[in-house]
């Protein structure tokens, strides 16, 4: 992880809620479908174990986490529950309504929210939140509006890197290492 | 994306229909099969979220899209429908008959068609269309007949790059960014 | 593909039968299992579309093809049939008995056989065949006994590269390009 | 594989039991879930064929092997059985109790154990065992407590490299090559 600038650290310290996109952010962007013999198809999703460890530690540190996505799948639901995510919004063609509902539920302002994204539909939220993070393989338009772009690629530690940035800025990280659970 | 030459821009501006191969073009070329206990096997396909966003935006911009492939799967059918593809031709050992049927249905000439491909069976179509695009990991024979080879690899943004090339040449791109849906 | 040496070309020209390992040769070495709710697990295999095109063209050119593997799966069986493989030997802890049976069935000598492999159990066959090919990510012991190591990695065109080497040495390749089917 | 130092060789020669984490160590860290139509999700795991060959050879050489993981899946269970693993501990949020049970069952001290890991929950065990090995893409905190970090990445030969290090230090490797089975 590159050195954290003072401006970035200031933004990160205010974060209480961490939201993120799913496909291309929590996954490597692969949309995988299994053909069924009846002509339908089931969705397969691949998440990252290091990201998962980061999300669990973020919860341990008291951060609230969630995701907003255009797709819907039982795979995401199971993974989000495993990671103890509090806000799970699926089938959101536009992400702003879900975002504003989360603000109300969490009782926080934009400045207390971090958002991690990779593609065009994430831009409106990234312009509002206190800390906007692009994954390493986000499209150029998303990187341009981000306060930080991870070195790690989506589905390969990008979420972990974003969460470590926040937890280290808050001074939580070292204490958390011993609290990690498999 | 590299700078777009004047010749390429001219070809791209005439495009009304964008056709493409599936395996090795919309996917990374992996042919994935799930063994069933009855001895049969079900097909799994992995598409790319960034490509999907590009295909949806292309439809928003009024382009007509489709695919021609030698294989057949419910996975492709579901994904093609999600992307609002209009022309879906599966089980085409030779691609020319499907291509000519699409020309008739769309009421366009070769010059109004772009085709994205990666391997030998794509070559006959690529020699006819107005804009022939090879994915970054296409075989050398395909790259040689292409007007443009993407920097991105198949299943990792190659289709998105091809579509952005067309949409930017037409002057549609900037307006489309705000119309992106998740 | 690197330049083909005269010695290699001579070996390749004599090839009539092309045999290969499966995991780590026709696939990238991933052994993928799907947990079932009854506690069993189903096998998933990912093959490469470019390899598949090469195997089909090899058949068109009159080469006979086959695989010898220690594992067993419906996924491999379906793919081998799609590629019109003639010799399919599964569950072979030792590969020599299957190899010798194939020699008898095909009525050929060692010098007429090419074998593509990646790991230790492939070495005994590679010491016998006329043309022994290691995939780009084979273990060092296998590369040492190979007459040729592909630049391409297993599951990403290694088999295609091996087949093109043989077909080009025989002078078949250019004519085959137009005979490719999707 | 880099040259093995004398200190490392000394540690490796004492190893009788090789234990390892699963996700991010025996796999590339992908946590893959298949959505079912009833809203549940099944777990898919991708292991590495070269790692598997290494684990089988380790058993042939008389080493005892096992895994300790926080997750639970039929996929892991099948693979562990294929590799003839003796110790299989799943659903272990903390790994120390399982580790101590294995020590008792195997009747060995810390110095006779090697452990391969990638993330924070592996650190307590890695501080105790005689030979602690981090996979090439382990998090920095894990690499810092490891006696050796593999060049290979998890799910792509890291376990194989670790096992070869041990088997070569014991002088077993050359003899084992001929005993490899597919």
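FYI, it's all coordinate maths here, none of it is from the lab. The structure presented is a predicted model; accordingly, all values stated were derived computationally and were not measured. In this analysis, Cβ positions are derived from the backbone assuming ideal geometry, glycine residues included, and neighbour counts consider all displayed protein chains.
Based on DSSP, what percent of beta bridges with both residues in the protein assembly as shown are antiparallel, to the nearest 5?
35
Take the Cα of residue A:170, step 7 Å toward its Cβ, do the same at residue C:37, and the gap between the two points is 3.8 nm. Inter-copy label distances for residue A:174: 5.0, 5.0, 7.1 nm (label point placed 7 Å from Cα along Cα→Cβ; shortest first). Relative to the other identical copies, residue B:124 shows label-point distances of 4.7, 4.7, 6.6 nm, where the label point lies 7 Å from Cα along the Cβ direction and values run shortest first. For the range D:6-177, the calculated P(r) over all alpha carbon pairs, in 10 Å bins from 0 to the bin holding the longest distance, is 11, 42, 36, 9, 2, 0 percent.
Using Cβ counts within 10 Å as a stand-in for footprinting exposure, how do D:81, B:156 rank, fewest first? Write out the running numbers ahead of the final one.
On the way: D:81 11, B:156 22.
Neighbour counts put them in this order, fewest first: D:81, B:156.
Our summary gives chain B a relative contact order of 29 percent, counting only alpha carbon pairs under 8 angstrom and 6 or more residues apart. Give me the log10 of I(q) over I(0) for the range B:59-99 at q = 0.23, 0.27 Å⁻¹, as the Debye formula computes it from C-alpha points; what are the numbers? Here log10 of I(q) over I(0) equals -0.75, -0.92.
Take chain D, connect every pair of alpha-carbon atoms lying under 10 Å apart with a spring to form a Gaussian network, then pick out the residue of D:14, D:53, D:105 with the largest mean-square fluctuation. Sorting by GNM fluctuation, first place goes to D:105. Computed from Cα positions, the angle between helix C:158-169 and the longest principal axis of chain C comes to roughly 20 degrees.
For the residues of A:92-101, the average number of beta carbons from a partner chain within 10 Å of their own beta carbon is 1.
Each copy carries a label point for residue D:59 at 7 Å from Cα toward Cβ; from one copy, the others' points are 3.5, 3.5, 5.0 nm away, ordered from shortest.
Does the range D:84-182 come out rounded, prolate or oblate, given a ≥ b ≥ c as the square roots of the eigenvalues of its C-alpha gyration tensor, rounded meaning a/c under 1.5 and, failing that, prolate meaning a/b above b/c? Mind showing how you got there, number by number?
On the way: a/c = 1.71, a/b = 1.24, b/c = 1.38.
Verdict is oblate for the range D:84-182.
Could you let me know the centre-to-centre spacing of the range C:141-182 and the range D:145-166, using Cα atoms, in angstrom? With the range C:141-182 and the range D:145-166 each reduced to a Cα centre, they are spaced 31 Å. If I model the range A:32-109 as equal point scatterers sitting on the Cα atoms and use the Debye formula, what is log10 I(q)/I(0) at q = 0.12, 0.16, 0.19, 0.24 Å⁻¹? Cα-only, vacuum Debye calculation for the range A:32-109: -0.42, -0.70, -0.91, -1.19. To the nearest ten degrees, helix B:96-106 and the longest principal axis of the Cα atoms of chain B are 50 degrees apart.
So what is the 222 nm mean residue ellipticity for chain D from helices alone, if each DSSP H run of at least 4 adds -39500 (n - 2.57) and you divide by all residues, rounding to the nearest 500 deg cm²/dmol? Could you put the intermediate results ahead of the total?
On the way: 8 runs with 69 residues, N = 182.
Value at 222 nm, helices only, nearest 500: -10500 deg cm²/dmol.
Legend: ranking of residues C:4, D:102 from fewest to most surrounding C-beta atoms inside 10 Å; resulting order C:4, D:102. Summarised as an ellipsoid, the protein assembly as shown has semi-axes of 39, 39, 21 Å, derived from the eigenvalues of the Cα gyration tensor scaled by 5 and square-rooted, with the largest first. With both labels modelled 7 Å from their Cα along Cα-to-Cβ, the residue C:61 to residue C:104 distance reads 3.0 nm. Between helix B:49-60 and chain B there is an angle of about 50 degrees, using the helix long axis and the longest principal axis of the Cα atoms.
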